[in-house]
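Let me begin by presenting the structure, written as structure tokens, before commenting on it.
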Amino acid sequence: MKTRFLTAVALLCLTLCANAQTVAVSGDVTSPFKITASTFTAMKQITVDAKGHDGKDHKYSGVLLADIVNQAGALPNGKLSGKTLAKYILIKAADGYRAVIALPETNSEFNDKNIILADKEDGKLLPASNGPFQIIIPGEKKWGRWVRQVTGIEIKTAKD
């Protein structure tokens with residue numbers, strides 16, 4: 001009985017860990033895809049400076065959220081104008097936490113923010129409590145949208 005219980009717990013842990021390793025990019029896009037550790041490292045990486053939850057300055061490394069959105073085909077003809085201005089990104093975490101980022105916030109024509117999906121802080125992989133992937137928004141006064149343990153990036157369109 002005890003062995004069965006431990007086996008079930010181990011399988012649950014493996015399942016949760018496997019799910020945490022993948023980020024599903026979906027929604028109002030032409031090319032949904034999944035980000036895994038290997039596909040993530042193949043994407044163009046950048047580093048941003050931001051003040052972390054501990055109040056200290058850190059260097060976070062990862063992929064621009066704009067690049068992920070573009071790879072998914074969220075912008076017709078690659079342009080953010082007209083009806084596409086009503087698009088937003090729903091970031092989902094393993095624990096059910098959610099946060100919203102307006103699509104123009106990720107676009108360099110509208111904004112100077114370099115919002116990233118990070119996997120490293122100060123050159124080291126994010127701790128399990130935050131990673132393997134976390135949204136980093138430099139310059140935010142509060143960290144409510146710094147979603148930890150990201151499992152989904154869903155592009156949606158605001159409707160009437």
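Numerical summary
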{"item": "Test for Ala24: is it modelled with pLDDT under 95 and over 17 Å from Arg145 (Cα atoms)", "result": "no"}
{"item": "All positions within the stretch 128-144 that are closer than 19 Å to Asn107 by Cα and part of a loop (DSSP other than H, G, I, E, B)", "result": "Ile137, Pro138, Gly139, Glu140"}
{"item": "Looking only at the stretch 73-97, and only at residues there that are loosely packed, with under 12 Cβ neighbours inside 10 Å and among the basic types (Lys, Arg), the one that is nearest to the chain's Cα centre (by Cα)", "result": "Lys79"}
{"item": "Residue satisfying condition, being in contact with a Ser or Thr (Cβ under 9 Å, 6 or more places away or on another chain) and among the charged types (D, E, K, R), within set Lys56, Lys113, Lys141, Lys51", "result": "Lys113"}
{"item": "Residues satisfying the stated conditions in the stretch 132-160, i.e. surrounded by fewer than 18 Cβ atoms within 10 Å (Cβ to Cβ) and either farther than 16 Å from Leu90 by Cβ or of a type in the set (S, T, N, Q) (or both)", "result": "Pro138, Gly139, Glu140, Lys141, Lys142, Trp143, Thr157, Asp160"}
{"item": "Test: residue in the stretch 113-125 that is part of a loop (DSSP other than H, G, I, E, B), in contact (Cβ under 8 Å) with a residue 40 or more places away in the chain and at negative phi", "result": "yes"}
{"item": "Residue list for the stretch 24-56, filter: farther than 18 Å from Ile136 by Cα and touching a residue at least 24 places away in the same chain (Cβ under 8 Å)", "result": "Ser26, Gly27, Asp28, Val29, Thr30, Ser31, Pro32, Phe33"}
{"item": "Of residues in the stretch 57-72 being in contact (Cβ under 8 Å) with a residue 24 or more places away in the chain and farther than 21 Å from Arg148 by Cβ, the one surrounded by the fewest Cβ atoms within 10 Å (Cβ to Cβ)", "result": "Gln71"}
{"item": "Single condition Val147 does not satisfy, out of (1) under 21 Å from Ser26 (Cβ atoms); (2) outside any loop (DSSP other than H, G, I, E, B); (3) in contact (Cβ under 8 Å) with a residue 12 or more places away in the chain", "result": "(2)"}
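The values are calculated or read from the model by the stated rules, or taken from the named source; none is laboratory data. Please read these numbers as outputs of a predicted model, since none were measured by experiment. With ideal geometry, Cβ positions are generated from the backbone for all residues, glycine too; neighbour counts draw on all protein chains shown.
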